């Protein structure tokens, strides 16, 4: 404690009043001498004076102000890049000596500093550096340093020591961030390029359609093999599907090899691209890569029928074209011809219109029960619009319009819309809507309500029907293209808008799934470093979701043994995570029992090996030098130089000052003081028979 003093909100003159009250009370009680000696009589008078005065003082609400200083020792974080790129180019004995040297450095520094260790493979800091193994599959150096920065914000971090080869293959460059402390870097690895062939990337569409041909492009680089040639093959199930010969004309040359393959078998398929190794290659780990395609039977067909050209149509079409599973046709009467087909979803933009109503072939689709998305516009015939859609009715007042922004409805459950994108939609610019009352016809479910200026209303802006046999959606806004444009200006992408459009069409095109038991992965693809997450849904006979179900899960990798798991669902968590799976295609089967009935759900997913650590094995010490120079640290490849630098780092403790205001009446010692004084007085008076 550095300082302590009493504070009183009332006037100090009230202290004198408390003393006078205590004195008066003591004199009144002891004005007549009792059966005890005179000296003891005076002592009892003083005791009662102190007790009463103290109690009166406490009634004034005095505070005890305490100022305390806490000393935080300086910390040095020793961060080790334990990615597998180092183990591929560095002898294991040398890597073990690096770990030993860093541990010795930590022991020396611990005399004056608090030393902790961090690695890529461990999220938590440690007090000692164990055997890392140098097997981490990625090098997110920026994430490592940003985690350290976040953990020690406002704390006494004296320096960071980063032992690394400077190669990063996940996240941004670590030099993009700023740091308020020096980062000393110890360069590891080899900066001299190795003679090597490298299958850098394979480009392909994740979805192909059965019976069609699909492209696959391999990008191959060479280092030191100018004038040589090799074979590039595409292999499936041990069979060579295609092969090409390539020659390298110059050093450090990158070549593209294009293949056109037949999509014959439906389902998840693995294709392996292999570059035949050449003599004296440094490593062949980067000579082949596997890619996974989903071969599907056919695409969903979407018709966009419009009264006239409009930028909203282009925005919606651009969002849908990102999904290769949609085949999109646009029909504007008078501009293009009608293409007869069986469409899964019909999007009506400003139809029915006051000028042309609804074209006959489009009306026929609606009569056949096609799922429909109505989008209002200035040309919409509101009377016909209200009659055709089964979701809502707009009571218009002439041609009056309003400008509104969307408000996300958090209880919306037709599909899942990511929380991050929900926040983006709240900042969308206004769209034009018809002015008037809006009433839901049936049990429609609202995605967005209308906000007029800063006033939230209960008028729907974007709403879905809940009838499974006649799915419809209605959007009352015109000017949706501005949402997509403004989102790109803010974030340099259109993910929120595109997800909104894509999931609207996906919901409309989906067929009702009334299975009582569903287990499905949240994504069709995972990497080896990611956990596989399976979502679980269990329903009873009246289709209410039930929990506390025991799930038996079996998993089989292509050509591998079966692995079994078991878990229990709960209302708080319906997901199950599996980590540590190797590359390949996995089939799974899950079973549970509901009211004595055995239910089964099956599916598949893929695990990809990105081989990030094999793509680049040349150490980037220039990045380490820049990082140290920008932060005032030291870059070196000499351990002893680093040790000497850190030994000269001043160990300055950081003082944290805290201030507390404690009511005096709450302090235990005050209570015991009053208790002791009163007890002492009581004992004396009892002894002399006054009580």
When segment 126-140 is checked residue by residue, the ones that are assigned to a loop (DSSP other than H, G, I, E, B) and over 26 Å from residue 609 (Cβ atoms) are 127, 128, 129
Identify the residue in segment 438-453 that is over 23 Å from residue 421 (Cβ atoms) and in a loop (DSSP other than H, G, I, E, B) and, among all such residues, is modelled with the lowest pLDDT. 443
Being at pLDDT 95 or above, surrounded by 15 or more Cβ atoms within 10 Å (Cβ to Cβ) and touching a helix residue (DSSP H, G or I) at 6+ places or on another chain (Cβ under 8 Å), is that true of even one residue in segment 381-401? no
Assess whether residue 185 counts as being surrounded by fewer than 22 Cβ atoms within 10 Å (Cβ to Cβ), over 18 Å from residue 270 (Cβ atoms) and either touching a helix residue (DSSP H, G or I) at 6+ places or on another chain (Cβ under 7 Å) or not assigned by TED's automatic domain parsing to the domain that holds residue 159 (or both). no
Single residue of segment 485-521 satisfying the filter (without any contact (Cβ under 8 Å) to a residue 40 or more places away in the chain and part of a loop (DSSP other than H, G, I, E, B)) that is surrounded by the most Cβ atoms within 10 Å (Cβ to Cβ): 510
Within segment 319-336, which residues are touching a strand residue (DSSP E or B) at 6+ places or on another chain (Cβ under 8 Å), assigned to a loop (DSSP other than H, G, I, E, B) and in contact (Cβ under 8 Å) with a residue 60 or more places away in the chain? 324, 325
In segment 345-358, what count of residues is obtained for those that are surrounded by fewer than 20 Cβ atoms within 10 Å (Cβ to Cβ) and either outside the structural domain of residue 477 (by TED's automatic domain parsing) or part of a loop (DSSP other than H, G, I, E, B) (or both)? 3
If I filter segment 610-637 down to residues being assigned to a loop (DSSP other than H, G, I, E, B) and in contact with a helix residue (DSSP H, G or I) (Cβ under 6 Å, 6 or more places away or on another chain), which single residue comes out as surrounded by the most Cβ atoms within 10 Å (Cβ to Cβ)? 617
What helices (runs of 4 or more DSSP H), lying completely within segment 5-106, carry at least 2 residues that are at pLDDT 85 or above and not assigned by TED's automatic domain parsing to the domain that holds residue 666? 84-89
Just checking, does segment 113-126 include any residue being surrounded by fewer than 19 Cβ atoms within 10 Å (Cβ to Cβ) and at pLDDT 90 or above? yes
Can you name the condition, by its number, that residue 686 falls short on among (1) at pLDDT below 90; (2) surrounded by 12 or more Cβ atoms within 10 Å (Cβ to Cβ)? (2)
Qualifying residue in segment 623-643 (condition: modelled with pLDDT of 90 or more and either in the same structural domain as residue 523 (by TED's automatic domain parsing) or more than 28 Å from residue 108 (Cβ to Cβ) (or both)): no
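The values are calculated or read from the model by the stated rules, or taken from the named source; none is laboratory data. In this text the structure is predicted, and so the values were computed from the model without any measurement. Note that we place each Cβ from the backbone using ideal geometry, even for glycine, and neighbour counts take in every protein chain shown.
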